[in-house]
1. How many residues does the range B:568-592 contain that are of a type in the set (D, E) and open to solvent by 90 Å² or more (accessible area, probe 1.4 Å)?
2. Keeping to the range B:477-507, report how many residues are open to solvent by less than 70 Å² (accessible area, probe 1.4 Å), touching a residue at least 12 places away in the same chain (Cβ under 8 Å) and not hydrophobic (A, V, I, L, M, F, W, C).
3. Does any residue in the range B:448-476 that is closer than 14 Å to B:K438 by Cα come within less than 8 Å, Cβ to Cβ, of a residue that is among the basic types (K, R) and assigned to a helix (DSSP H, G or I) six or more places away or on a different chain, and which pairs are these?
4. Which one is nearest to the other protein chains (Cβ to nearest Cβ), of the residues in the range A:19-45 that are touching a helix residue (DSSP H, G or I) at 6+ places or on another chain (Cβ under 6 Å) and in a loop (DSSP other than H, G, I, E, B)?
5. Kindly evaluate B:L216 against the criterion of being crowded, with 16+ Cβ neighbours inside 10 Å, outside any helix (DSSP H, G or I) and touching a helix residue (DSSP H, G or I) at 6+ places or on another chain (Cβ under 9 Å).
6. Within the range B:595-616, is there a residue that is within 60 Å of the chain's Cα centre (by Cα) and of a type outside the set (D, E, K, R)?
7. Scan the range B:702-712 for residues that are at pLDDT 75 or above and either in a helix (DSSP H, G or I) or open to solvent by 70 Å² or more (accessible area, probe 1.4 Å) (or both) and jot them down.
8. Exactly one of (1) out of contact with any Gly (no Cβ under 7 Å at 6 or more places or on another chain); (2) outside any helix (DSSP H, G or I); (3) at the interface with chain B (Cβ under 10 Å from one of its Cβ atoms) is unmet by A:M69. Its number?
Amino acid sequence: MYLTHNFVGGNNHMSKAIILITEDDPLMSRMYQKIFTFEGYEVVMAGNGEEGLEKTRSTKPTMILLDVMMPVMNGLEMLEKLKADPDTKKIPVIMLTNLAGQQDAETALSRGAVKYIIKSEHDPKEIADMVKEVLSGYTRDQVPPTS
Amino acid sequence: MQSKEKKITNSLVAVASLVEAVVILGWYGHHAGLSLQFTWRWFALPLIGSLFVAIGCLILMLKRVPTRSGPFYWFMLLLVSNIGLTTMLLLEVLSATPQAEAFFQSLLVITWLPVAVLLLLFTVSYLERKSIALNPFTWGMLLSTFMLLVFVVGASNITENHIPAQSRLAWWGYANPPVRSDELVYWWIGILGLVSLILLVRAYRRETGRIAKKQLRIFVTAVAQYMIIAVTFDIVLRKVLHGNLPPMTFIYVTLMAVIIEYGIVKYGLFVISPTSLSGQILQDLSEAVVGINANYEIEFANSGVDIIFGRSMSTLYGRHINVLLGEDIMSHIRDTIEGPERMYTFEDVTVRQPHKLVDVSLTTSRVFVNGNTSGGYIFVFQNITELKKKSIELAHEKLNVERKVIERTRELHEERAKLHASIESLTLGFAFVSRDGKVLVQNHTLNRLLGIDEPFPDIASLARKMHSKAIERYCSSVLKPNASAAQHELAYEGKVLRVFVTSVTAEGGTTPIGSAMLIEDITEMKVLDRSRDEFFSIASHELRTPLTAIRGNSSMLLTYYHALFKDKAALEITEDIYKSSLRLIGIVNDFLDVSRLEQKRMAYNLAPFSLDKVIEEVIYEMKGVIREKNLTIVFDGKTLGKVPEVWADENKVKQVIYNLVGNASKFTENGTITLQAKQDGGKLKTYITDSGVGIPLELRNLLFHKFQQASGSIVTRDTTRGTGLGLYISKLMIEDMGGAIILEHSEVGKGSTFSFTLPIATIKQKNTQHLAQTVIDIRTGLQKKE
């Protein structure tokens, strides 16, 4: 039903939503880049946490999809830094990972992520739907919760 | 003798004496045809005084001397005689007629004569210190002596026809009849007194006891003054003055009595004399003592001979010693004892009694008579049968003890060897530390673990070597009351050591004697632990990532590039790729779950929640499958909101319900699946019933096991229906959360009912919602195990 209310298109009063995908594995990043491009988002890619932080500052994304296990700086560290910075802490973060432990999910959520998605459990389209769902909720209220 | 009997005896003696005196007096007076008339003379005064002194002495003896022995009685009789003597003398002095005077004088003789006899008897009994009881024999002797004296006096009266003591009448102013000297009686009495004196003086010279010597001196004094005065007055002066002399007897007799009594009262009466007893002792010895003369003839044998040889002593006198010992033994003894020594001892002599053999030891002693060696021998036999038996027993016992000691020592050595070998073969480091911190035992493993070449003497030096006081603290902490064992982990030179310390208490003791310490190198284990953690993350991440790519890309192909699949086969291939990826992901998930569960590494986020809601969610999410298989799913809505909340991990419970409903749907075609939740005691029980194929009886026990599907064999395994891990995982999860999962019932062709229980959340649990405290390693993103 959300598909019928496309809030991300450029034809609306809002500008095109920017999705920052922080993902080190090219298999994954290519796949998610495709699906979000198909779904009409502007997609920015980052290969690790540090690059992710850099791209966050430069592109001011609407939403960040964040992998946990990455070289240089992992997802949780990046999440902490995002939430510590007043400029970036309002950007909703969805953890997108293959670490299936429940504790990992709880940790991420307690540090300010809005959702914890296990990649293998969902088709890319389902993930895009979830992102849309989250995004629509925040854009409506205009006050994305920070933590 | 009992004191009551003593009193009776005393009074009887007194009464008998009195009666006898009166009878004799009356009888004698009657025959003499006397008229007794008295007059006063001043000479009566000293006599009255003497009488009082004599009676006083008697009373004093009774009151002050408790020893009722022979000497006591003889002395008492002596005192009584003295009273009689003094009384008769007094009556004589007070007589008014010569006949009366003569009569009393004759009576005086009767009381005077026994004094010397009694003195001798007293002396003898005192020196012998033998309790001469007043037996008929003694009485007879006394009476005979007395009668003899009376007979002497009486005979002289008859033959001479006058009273011997009339010699004294002249002194009182009467006509002096022709006098016949009663010298015989005087000499008799004098000799008796002299014998007493000689005996006492001899005893005095021999006596070694200080007190006895003092007492004897007093007695000698007493008898000596008696003798001197008696001889002076009654023999010498009477002769010189021709009988013209006042009677002085009462003075020296009373004086003697007073002096003797002084000696008795001052020092008491001795009753036991070793010299007098020695004969008795020798006689009563349990050792046999035999005296033989130079010809080996028995001259003496004591009662011990009876006991040891079983022969009466009386039959032995004068017989050869061979009758006791036998010729063989005796000839051997004879050869020896005629040697140069005075005494010989034979330890092992066997004596044959009528019915038994007796082991004796024999000591022989040569008797010297006037320096002559041929005086014979004294043989002393001692029964050593018991002693010998005891010594044999003792020797046995000693042997036994020695054997036991050897055995125990060997056992101890073996034990020690075993213990040593055990300790040395331990792959763990071992040390035993005494209470005061000394290291008593340590094995090589310990030295190797700690990289030490030499054994360390105490725990303090070990602690210094390790640069950590920790190990010292561990050892002392277990010695405290109520602490028995403790386990610690210690980092040392890049190793991780696990230190297990326990207090050691000796059997039967209460205070620990020290602590035993086991040290294990767990570095490798720690590394393995860490590797296992990493395996989980790698497995979950690295396996899933490519699978996710396959799943995601095939799904995108199917979603966005439908136009590509003009060829139906190409579409099918792509769909199969997609389905395979799904199944593989499922398998990976199951495997990871099983590993976690089996290693008890599964984390549960326990919290109170409503099971209804979870069931509703599962049903909602499974709608697609249900519809696909044309199934009806029923949840007993009546319970909604009415069943209590459970205390469990919501996600895990959801996984279990997924699994059970999934299984039900797999095995059911065109049927119904029913879910129902009911309170059952402190648990909430959830039933999942299907109208499917059912499970054959023989396969039911395969349920809930790893990789088991309810199918006959591995070959017939339905590979399209998952890994067979679902029920196994569900079972482990439910059990971990405090519940149980079972197959309620099943009927082939009609369906099955599974159920699981979960604990109902308590009020306390509801109020204090448990929050999992976990720490995530920031570098790996993995949760740390605390």
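1. Within the range B:568-592, residues that are of a type in the set (D, E) and open to solvent by 90 Å² or more (accessible area, probe 1.4 Å) number 1.
2. Number of matching residues: 7.
3. B:F456/B:K465
4. The qualifying residue nearest to the other protein chains (Cβ to nearest Cβ) is A:D25.
5. On the way: crowded, with 16+ Cβ neighbours inside 10 Å: yes; outside any helix (DSSP H, G or I): no; touching a helix residue (DSSP H, G or I) at 6+ places or on another chain (Cβ under 9 Å): yes.
Against the criterion (crowded, with 16+ Cβ neighbours inside 10 Å, outside any helix (DSSP H, G or I) and touching a helix residue (DSSP H, G or I) at 6+ places or on another chain (Cβ under 9 Å)), B:L216 does not qualify.
6. Yes - at least one qualifying residue is present in the range B:595-616.
7. B:H705
8. The number of the failed condition is (1).
The values are calculated or read from the model by the stated rules, or taken from the named source; none is laboratory data. These figures come from a predicted structure and were not determined experimentally. We place every Cβ from the backbone using ideal geometry, glycine too, and count neighbours over all the protein chains shown. For accessibility, only protein heavy atoms count, side chains too; no ligands or nucleic acids. Shrake-Rupley method; radii C 1.70, N 1.55, O 1.52, S 1.80 Å.
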